[in-house]
Amino acid sequence: MSMEDYDFLFKIVLIGNAGVGKTCLVRRFTQGLFPPGQGATIGVDFMIKTVEIKGEKIKLQIWDTAGQERFRSITQSYYRSANALILTYDITCEESFRCLPEWLREIEQYANNEVITVLVGNKIDLAERREVSQQRAEEFAGSQNMYYLETSAKESDNVEKLFLDLACRLISEARQNALVNNVDSSLPGEGKTISYLNCCNFN
Amino acid sequence: MEKLTFYALSAPEKLDRIGAYLSERLSRDVSRHRYGYVCIAMEALDQLLMACHCQSINLFVESFLKMVAKLLESEKPNLQILGTNSFVKFANIEEDTPSYHRSYDFFVSRFSEMCHSSYEDMEIRTKIRMAGIKGLQGVVRKTVNDELQANIWDPQHMDKIVPSLLYNLQQVEETESRSPSPLQNTEKEKEIPAELAERCLRELLGRAAYGNIKNAIKPVLMHLDNHSLWEPKVFAIRCFKIIMYSIQPQHSHLVIQQLLSHLDANSKSAATVRAGIVEVLSEAAVIAATGSVGPTVLEVFNTLLRQLRLSIDYELTGSYDSAVNIGTKIIKEHEERMFQEAVIKTIGSFASTLPAYQRSEVMLFIMGKVPLPSMHHPMEHGKAGESRNRLIQIMLLKSLLQVSLGFQCSNMLTALPSSFLDPLLSPTLMEDAELRLFVLEILVSLIDRHDSRHKFSSISTVPDIAVLKLKVDKCSRQDTLFMKKHSQQLYRHIYLSCNDPCNVQTHYEALYALLVMISIELANEEVVVDLIRLVLAVQDLALSNDDNLPAYNRCALHALCAAYLNLISQLTTVPAFCQHIHEVIEMRQKDGSYLLPEDIFVEKPRWSKSADHIETELLFLQSKVSEVLGGSGYNSDRLSTPYVPQLTDEDRLSKRKSIGETMSLQVEVESRNSPEKEEKAPAEEITFETLKKAIVDSVAVEEQERERRRQVVEKFQKAPFEEIAAHCGARASLLQSKLNQIFELTIRPPPSPSGTITAAYGQSQNHSIPVYEMKFPDLCVY
C-alpha cells in the first residue's frame with residue numbers, strides 16, 4: 001500500500017554491561033547528540049529511526065536495554081523478538097570484555113536463532129586508556145561468528161556505519177530468507193501493518 | 001466531524017477507506033511536526049471508533065492501531081500519551097468479531113518500556129509511566145479473553161508486563177514514605193502509578209486461568225530475585241498478598257507450589273534470601289487457607305523440613321557443600337538461625353490452616369523425621385553427628401510445637417496415636433533439658449483444648465480457682481479411652497521429668513501446666529486418683545532424695561506439688577480434701593514458705609538448704625489424702641498405693657543392658673553423685689539397690705536374683721504391654737494388700753494367686769530376704 005512509510009522494519013536490541021555506552025550510541029545515532037552525564041537506563045528504552053539505503057526505506061526499532069543486573073529479567077524478554085543484537089563493551093574496561101561470554105550465553109538462551117549479532121567496542125576516543133586490544137576483540141568476534149566494529153559515541157566514529165551496515169546485512173538476510181521460503185513470503189518488515197511483524201518466526 | 005460520523009455510520013463499507021485516509025494524514029502530520037493536526041486526526045479516529053459498532057470495524061481497527069503505533073513511536077511524550085489514551089479507549093470496546101491477525105507484540109514491548117520511563121521531568125515521567133501501565137491494562141483487557149489472540153500469557157509477554165508493573169509498584173516505596181493521609185490518597189489516587197500498577201496487576205491475576213498462573217508468577221519471582229527484594233521482604237510480602245488476594249482461590253496452591261520450588265532452587269542462596277522467601281510463603285499460606293491447599297500438604301512440609309535440615313547442615317559445616325563459585329560466601333550463623341526461625345514459623349502458619357485430621361497427620365510426619373536412636377532413622381555418630389542430631393531434634397520439636405499451638409482436636413485418641421506419642425515420650429528426648437521442655441510444651445498445647453494454658457503460665461496456689469474461670473467439660477468417652485491407653489506413659493514421663501537435676505523454672509512451669517491440663521481436659525475419677533498418686537510420689541521423690549537432687553529442685557518439686565494439689569483439691573470439690581491441702585499450705589506459709597511456689601518460682605528464688613528434714617505437718621500425707629477422698633467415693637485402695645513409674649519397652653531393653661553395667665558401677669560409685677547415676681530412671685535404681693543388697697548378703701543369692709529377674713523381664717517382654725498394664729492396674733491394690741499381709745506374717749507361704757506376677761513372687765518368697773522383699777513389690781508390679 002502506498003501509505004506505508006517504510007519497506008523494511010527491523011528490531012535491534014542493544015545489550016552489554018552497565019556503563020559501556022549503549023544509550024549514548026543510540027542517542028548519537030537517532031538524535032545526533034552525545035548526552036554528557038547520561039544516567040543509567042531503567043529497564044528498557046525505545047527509539048526509532050528510519051534510514052534510506054539504496055532507495056529503500058528501512059525503519060529501525062531500537063530497544064536500548066539496561067545493563068544493570070537487576071533488570072536482567074525484563075531485558076531478556078526483549079531479546080526474543082530482536083532481528084539483530086548489538087553486543088557492546090567498553091574498550092577501556094577489561095571487565096566488560098570479560099563478561100562477553102556470559103552475554104553470549106544469554107543470547108543463546110533467549111534470543112532467536114536467526115539473530116545477527118554485532119560486537120561493538122565503544123569509547124575509542126579514550127584510546128590512551130585502552131585495556132582491550134583491537135586484535136584480541138577481533139579474534140574473539142571471529143571465533144564467535146560475530147561482526148566486529150569499534151566506535152565512539154562521543155566522536156561519532158563509526159556509529160552511523162554500525163547501524164547502516166547492520167541494516168544492509170538485515171536486508172540481505174531478509175531477502176535470502178524470502179527466497180528460501182518464498183511460499184510463505186512474510187518478509188520481515190514487508191508486511192502491510194505493523195501488527196504483521198512476526199518476522200522472527202522463521203521456523 | 002458530526003458529518004463524518006454520520007457518513008461513516010450510513011456507509012460502513014467506506015469505513016476502512018476513511019481510516020486509511022485519516023491515518024495517512026496523521027502519519028504525514030507527525031513527521032511534519034504539525035501536532036495540532038495530529039490531535040485532530042486522532043480525535044476523529046477515536047470518535048469513529050466509538051460510534052461504529054458494526055462488523056466492518058475490523059478493517060478500520062487495522063489503520064487505527066497503526067496510528068496508535070505511529071504515535072507511540074514518536075519521541076514526544078504528549079504524542080505517546082495521546083496514543084495510549086486512544087488505545088485504552090479502543091481496549092474498552094467489546095468486539096464481537098474475531099480478529100485473526102492482530103498482534104500486540106509491539107504494544108506490549110512499548111508500553112512496558114514506557115513503564116520504565118526515565119524522562120528528566122518528573123511530572124512527565126510519571127505521566128508516561130501511567131500511560132504505560134494503562135496501555136498494558138488495555139492490552140490485557142483486549143486479549144485476555146480472546147482465544148484467537150496471540151497468547152498474552154506466553155512467557156515472552158508476561159516477562160515484560162509483570163516486571164513493569166512490579167517496578168512501578170515498588171517505586172512508591174522508594175520515593176514516597178507512604179505518609180499522606182488516606183483522604184489525600186484518594187484524591188491523588190489517579191496520579192500515583194503504583195496504585196494503578198497494583199490495580200492492573202490484580203486485574204491481570206484475577207483473569208489468570210490454571211495454566212497461566214505459572215507464567216505470571218515466574219516473572220514475579222525473577223523480579224524479586226533480580227532486584228534483591230527478598231531481603232527487606234516488605235515488598236515481596238506485599239506483592240504476594242496482592243497475588244494471593246486477586247487470583248482465583250482455587251489456584252492459590254499453585255502459587256504456594258511455585259514459591260516452594262523457588263525456595264528449593266534458591267537453597268544455595270544467602271540465608272536472608274531464603275528467609276525472605278519463607279516469610280512470604282508463610283504469609284501466602286495464611287491467605288491460601290480459604291482455598292484448600294490440596295493434596296500437596298505433606299509435600300509442603302517435606303520441602304520446609306528439608307530446608308530446615310539443609311540450613312542446619314550449613315550452620316554446622318559453615319559452607320554450602322558443593323560450593324563451586326558461591327563458596328566464597330561466608331555463612332552467617334545468625335542468619336541461618338533467622339532462616340530456621342522463619343521456616344518454623346511458616347510451618348506453624350501452614351499448619352494452622354489445615355483441618356484437624358491433616359494436622360495430626362502432619363505432626364506424625366514431622367515426628368517421623370526426628371532422629372531417634374531406636375527408630376529406623378540411622379543416628380549419626382561422632383561429635384558432629386550428635387550436635388547435628390540435637391539441633392535437628394530441637395528444630396523439629398519447635399516445629400511440632402508450632403503446629404500444636406492452637407490445635408484443638410476433638411478426639412485425643414486419633415490426634416495422638418501411639419505412633420506419635422511413643423517417639424515423643426522416648427527417653428532420648430528427655431535427657432536434654434531443652435528438648436525436655438519442648439516435649440512438655442507440645443504435650444500441654446495438644447491437651448489444652450480450651451485455651452487455658454495462659455492461665456497457668458506461672459505456678460501459684462490460688463486460694464479460689466473460680467477466678468480462673470476454667471471451662472471443664474465432662475471427659476468424653478474417647479478421651480477416657482485415650483487415658484486408659486496412654487495415661488501410664490504420660491504419668492511416667494511426668495515423673496521422670498520431675499526427677500532431673502537440670503530442670504529450671506520453666507520446666508516446672510511446663511510440668512505444672514501439663515498436670516493441670518490433664519486434670520481439666522482429660523480427667524475422670526480414676527485419672528484424678530492417679531494424678532494425686534503421681535504428685536504424692538513426686539513429693540516422696542523430693543523428700544527421699546535418692547537421686548541427690550539439688551536443694552532448689554527439691555523445694556521446687558514441693559512447691560509444684562503444693563500448687564497442683566491446691567488446684568486439684570478445688571477441682572474435685574471434696575471439702576475435707578480441700579481442707580487438708582489448705583492446712584498444709586497454711587502451715588508452709590508459716591514455717592516453710594520455701595516450699596511454696598510463691599517463694600520458689602520467682603526471679604530470685606528463696607529456698608532452704610535444709611530440704612532434708614521437713615516436718616510432717618508441712619507435707620501432704622498419702623494416708624490423709626486417701627482417707628478424705630475415700631470418704632467421697634474415690635478409690636482409696638488405689639490412692640494408698642504409692643505411684644511407681646511403669647517401664648516402657650525401651651526401658652526394659654536398656655535395663656537389661658544395664659544390669660552388667662550397674663554391677664561394676666555400684667562398687668566404685670558409693671556416693672551417687674556421678675552423672676550417669678542421675679540420668680538413670682528410677683526403675684533402674686531398684687536394680688542397683690537390690691543388687692547391692694544381694695551382694696552384701698551372698699553371691700549365691702545374687703545369682704538367683706538375677707536369674708529370677710531375667711525371668712520376670714522375659715515375661716514382661718513377651719506379653720503385650722497393654723495386657724501387662726491392665727493386669728497390673730487391676731491387681732495393684734489386691735496385690736498390695738496381699739503383700740502387706742504376707743510381710744506381716746513373713747514366713748507363712750502365700751496363697752498363690754495365678755498369673756505371671758505371682759509366679760515370680762512365689763519364687764522370691766522362698767529366699768526369705770525381708771529387706772529385699774520390701775523393695776520387691778515395686779519391681780514386681782511395674
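Structure notes:
- The stretch B:112-130, residues that are away from chain A (no Cβ under 13 Å) and in contact (Cβ under 8 Å) with a residue 24 or more places away in the chain: B:124, B:126, B:127, B:130
- Comparison of B:557, B:543, B:549, B:565 shows that the only residue that is more than 19 Å from residue B:602 (Cα to Cα) and crowded, with 23+ Cβ neighbours inside 10 Å is B:565.
- Per the listing A:66, A:40, the residue uniquely within 21 Å of residue B:128 (Cβ to Cβ), within 13 Å of chain B (Cβ to nearest Cβ) and open to solvent by 50 Å² or more (accessible area, probe 1.4 Å) is A:40.
- Scanning the stretch A:12-37 for residues that are of a type in the set (Val, Ile, Thr) and either out of contact with any Asp or Glu (no Cβ under 8 Å at 6 or more places or on another chain) or within 11 Å of another protein chain (Cβ to nearest Cβ) (or both) yields A:12, A:13, A:23, A:30.
- Pair list, Cβ < 9 Å and 6+ apart or interchain, from the stretch A:119-146 residues that are under 17 Å from residue A:159 (Cβ atoms) and free of Cβ contacts under 8 Å to residues at least 12 places away in the same chain to residues that are open to solvent by less than 20 Å² (accessible area, probe 1.4 Å) and part of a helix (DSSP H, G or I): none
- Considering the conditions (1) farther than 24 Å from residue A:63 by Cβ; (2) open to solvent by less than 90 Å² (accessible area, probe 1.4 Å); (3) at pLDDT 85 or above, residue A:185 is excluded by exactly one of them, (3).
- Any helices (runs of 4 or more DSSP H) falling wholly within the stretch B:199-313 and containing at least 3 residues that are open to solvent by 30 Å² or more (accessible area, probe 1.4 Å) and more than 14 Å from chain A (Cβ to nearest Cβ): B:234-246, B:252-265, B:271-288
- Apart from one condition, residue A:9 fits all of (1) closer than 25 Å to residue A:156 by Cα; (2) open to solvent by 10 Å² or more (accessible area, probe 1.4 Å); (3) within 14 Å of chain B (Cβ to nearest Cβ); the exception is (2).
- Of all residues making up the stretch B:343-360, the number that are over 13 Å from residue B:401 (Cβ atoms) and open to solvent by less than 10 Å² (accessible area, probe 1.4 Å): 3
- Taken together, the residues in the stretch B:74-87 that are within 10 Å of chain A (Cβ to nearest Cβ) and either more than 55 Å from the chain's Cα centre (by Cα) or over 17 Å from residue B:31 (Cα atoms) (or both) amount to 2.
- Of residues in the stretch B:45-56 being closer than 17 Å to residue B:88 by Cβ and either open to solvent by less than 10 Å² (accessible area, probe 1.4 Å) or not in a helix (DSSP H, G or I) (or both), the one modelled with the lowest pLDDT: B:49
- Residue in the stretch A:129-146 that is open to solvent by less than 40 Å² (accessible area, probe 1.4 Å) and either touching a Pro at 6+ places or on another chain (Cβ under 8 Å) or hydroxyl-bearing (Ser, Thr, Tyr) (or both) present: no
- Enumeration of residues in the stretch A:105-116 that are farther than 30 Å from residue B:168 by Cβ, open to solvent by 20 Å² or more (accessible area, probe 1.4 Å) and either of a type in the set (Val, Ile, Thr) or touching a residue at least 12 places away in the same chain (Cβ under 8 Å) (or both): A:113, A:114
- Unique residue being outside any strand (DSSP E or B), away from every other protein chain (no Cβ under 14 Å) and touching a helix residue (DSSP H, G or I) at 6+ places or on another chain (Cβ under 9 Å) when the list is A:118, A:132: A:132
- The set of residues in the stretch B:359-386 that are at pLDDT 75 or above and part of a helix (DSSP H, G or I) comprises B:359, B:360, B:361, B:362, B:363, B:364, B:365, B:366, B:367, B:368, B:369.
- Counted residues, the stretch A:43-56 - those being within 12 Å of chain B (Cβ to nearest Cβ) and either closer than 23 Å to residue A:104 by Cβ or in contact (Cβ under 8 Å) with a residue 24 or more places away in the chain (or both): 5
- Candidate set from the stretch A:69-104 (those that are assigned to a strand (DSSP E or B) and not polar (S, T, N, Q)); member that is surrounded by the most Cβ atoms within 10 Å (Cβ to Cβ): A:85
The values are calculated or read from the model by the stated rules, or taken from the named source; none is laboratory data. Please read these numbers as outputs of a predicted model, since none were measured by experiment. Cβ coordinates were reconstructed from backbone atoms using ideal geometry, including for glycine residues, and neighbour counts include every protein chain displayed. Protein only, heavy atoms only, side chains kept; ligands, DNA and RNA dropped before computing areas. Shrake-Rupley method; radii C 1.70, N 1.55, O 1.52, S 1.80 Å.
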